[in-house]
Amino acid sequence: MEEKNSKENNIAENKPVSYISVAEKLNLFRLGKIQTVEHYPTGIRQLDERLGGGLYSGLIFLGARPGMGKSTLVLQIASEVAAGGTPVLFYSLEMPAIRIESKILNRAIHMQNPEAKITSDWLLREENADKKEEWELVEKVQKNMGPRYENLYIKERDKISFSAEDVVADVEKFMEETDSKPVVFVDYLQILSACASTRGTADKQRNDENINVLSSLSNKYDMAVFVISSLNRESYRNAQKPIQLDSFKETGGIEYSASVILGLQLRNVEIVGAMHESAMSGPVRKLELVFLKQRYGMTGTGANVALDFYPAKDLYLEYGAEESGRVKAETPAEAEKFPGARKSVEAETPTKTEKFLGARKSVEAKIPTEVDEISLTAPLEEKSEGIKLERKHSEKNKKSAHSTGKADSNNREKPETQQNEFVPEDEYSKALFEKFMSMPDNHDND
């Protein structure tokens, strides 16, 4: 009996014991003895829920097309993890540290002063050096927010060749000097140089070896390692193509080694007529995080996390969050779009109707939901299919009318203002259309 208790105590204290059976380990799952997995909250509520409480040990990848704002998102997550008291090492291999630090400060300014006209670029411009009022605000924010970032360390590339082996060496040095385990962020994978064993090899071998080294770091120290990755050009040549696993460059190593793979894309990426350039140029970008892989949790469209990105503020907010004074709309027009302040409005232009029916002429229509903001998540897939079905029927009727020179009762000439108004042809299509049109404005999956 004493021998058994001694062995159990060794297990609980993580002392080395040879050949411990599963039966003995299962006994540890008891009240007061269960060993939980450590999580690091990201500050984004729904993301934390999908991850079971926040980031956890393992390799986590995020990919997006260029200019989407992935570095800013990951920097915000890193800042929140550090604010929670966990040391964070952020390896910025693309941007100099001063650019990263100005983004952090800019976000902090707008968290406390939503109406501020300062940007991260403003902070670095010489002509603004003597603007006393603005710099007094900056100093006030530094004093109030500074303690949140005491555990955040920005590490820029200090030599031409910098590989995952250099990351490991630096992390181990940090752990030795501070006696603490950090969460590691790498921005980004494809900039890492070849490790000693893969110099002179192709990009795929170089990336795979760097992934293996980072994976070993995570496994050896039970550490969360968050890596940004670029996508292959084919994946964003078509602006309306959603991110998939094969969108990642040299996907083999990423797919097999990662615990979590995330993609960042526009929320309306699949809606016909959605314009990527206009969606990216506004003061607010309507984005979503897509779970492409998660070993220990849900994936698919039902796991998507909708976000609003304010580029001028270097700030991400969860879509649907109540307006709390941390950030406000840029203009009165944006106030209606801001989370927590949405209102039912009439379609201001024919664009909304055209995106739904594929119509090419101006129409006057009232649509009880903002179709252009619909995210095609799992609860709405049926409605999405209904849209495609109605478009297909509409095109078929046009061809039939052209070939016969006649129009049946469903395609008769209508007044100019209703010429393109949609009329379902059969009971099945009618049911889908009525179901879609009756959907409330404030649905959760927008």
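The values are calculated or read from the model by the stated rules, or taken from the named source; none is laboratory data. What you see is a predicted model; the values in this text were computed from it and never measured. Note: ideal-geometry Cβ built from the backbone for every residue, glycine included; neighbour counts use all protein chains shown. Heads up: the accessible areas ignore ligands, DNA and RNA and are worked out on the full protein's heavy atoms, side chains in. Shrake-Rupley method; radii C 1.70, N 1.55, O 1.52, S 1.80 Å.
Data overview
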quantity	calculated
Residue count, the stretch 80-118 (criterion: of a type in the set (G, A, S), over 13 Å from K155 (Cα atoms) and surrounded by fewer than 23 Cβ atoms within 10 Å (Cβ to Cβ))	6
Any hit, the stretch 64-73, residues being part of a loop (DSSP other than H, G, I, E, B), more than 25 Å from L51 (Cα to Cα) and touching a helix residue (DSSP H, G or I) at 6+ places or on another chain (Cβ under 9 Å)	yes
Unmet requirement for E277, which otherwise passes all of (1) open to solvent by less than 60 Å² (accessible area, probe 1.4 Å); (2) at pLDDT below 75; (3) closer than 20 Å to F309 by Cα	(1)
Pairs where the first residue, in the stretch 78-100, is at pLDDT 95 or above and the second is open to solvent by 10 Å² or more (accessible area, probe 1.4 Å) and small (G, A, S), C-beta under 6 Å, 6+ apart	E80/G43; P87/S180
Test for L89: is it more than 14 Å from the chain's Cα centre (by Cα) and either β-branched (V, I, T) or not in a helix (DSSP H, G or I) (or both)	yes
From the options D203, D170, D121, D130, residue that is in contact with a Ser or Thr (Cβ under 9 Å, 6 or more places away or on another chain) and of a type in the set (D, E)	D121
Which listed residue, of Q46, Q35, is open to solvent by 90 Å² or more (accessible area, probe 1.4 Å) and either at pLDDT 95 or above or among the polar types (S, T, N, Q) (or both)	Q35
Those residues of the stretch 74-86 which are part of a helix (DSSP H, G or I) and among the polar types (S, T, N, Q), in sequence order	Q76, S79
Residue in the stretch 127-144 that is farther than 28 Å from L105 by Cα, open to solvent by 60 Å² or more (accessible area, probe 1.4 Å) and more than 28 Å from the chain's Cα centre (by Cα) present	no
Within the stretch 153-255, helices (runs of 4 or more DSSP H) holding 2 or more residues that are among the aliphatic types (A, V, I, L, M), within 27 Å of S79 (Cα to Cα) and modelled with pLDDT of 90 or more	164-178, 203-221
Check on S180, within 30 Å of Y221 (Cβ to Cβ), touching a residue at least 60 places away in the same chain (Cβ under 8 Å) and surrounded by fewer than 15 Cβ atoms within 10 Å (Cβ to Cβ)	yes
Selection from the stretch 27-63 of residues that are in contact with a helix residue (DSSP H, G or I) (Cβ under 8 Å, 6 or more places away or on another chain), in a loop (DSSP other than H, G, I, E, B) and of a type outside the set (S, T, N, Q)	L28, K33, H39, P41, G43, I44, G54
